[in-house]
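Read-outs: derived from the displayed coordinates by stated rules, not from any lab. Because the structure is predicted, anything quoted here is derived from the model rather than measured. Don't worry about glycine lacking a Cβ; one is built from the backbone with ideal geometry, like all the others, and counts go over all protein chains shown.
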Amino acid sequence: MLIINVKENESVDRALKRFKKKFEKTGVLRELRSRSHFTKPSVKRREEIKKAQYIQRLREEENK
């Protein structure tokens, strides 16, 4: 459970912004979306390899 202490004379918008930032850092929403459907381990591995290849390609282009 996230707890946000609202300071004196602090607007609700500012407190809400701090809450959203803290909530995003926890990764709850990301985990919830990933759990909404099952992906086979082989598919996960394939996606990780594709992502690694893409990042490596970007780094190689950056070094040229």
The stretch 14-53, residues that are over 30 Å from LEU2 (Cα atoms), surrounded by 10 or more Cβ atoms within 10 Å (Cβ to Cβ) and not basic (Lys, Arg): VAL43, GLU47, GLU48, ILE49, ALA52, GLN53
Find the residue count for the stretch 29-57, including only residues that are of a type in the set (Gly, Ala, Ser) and more than 30 Å from PHE19 (Cβ to Cβ). 2
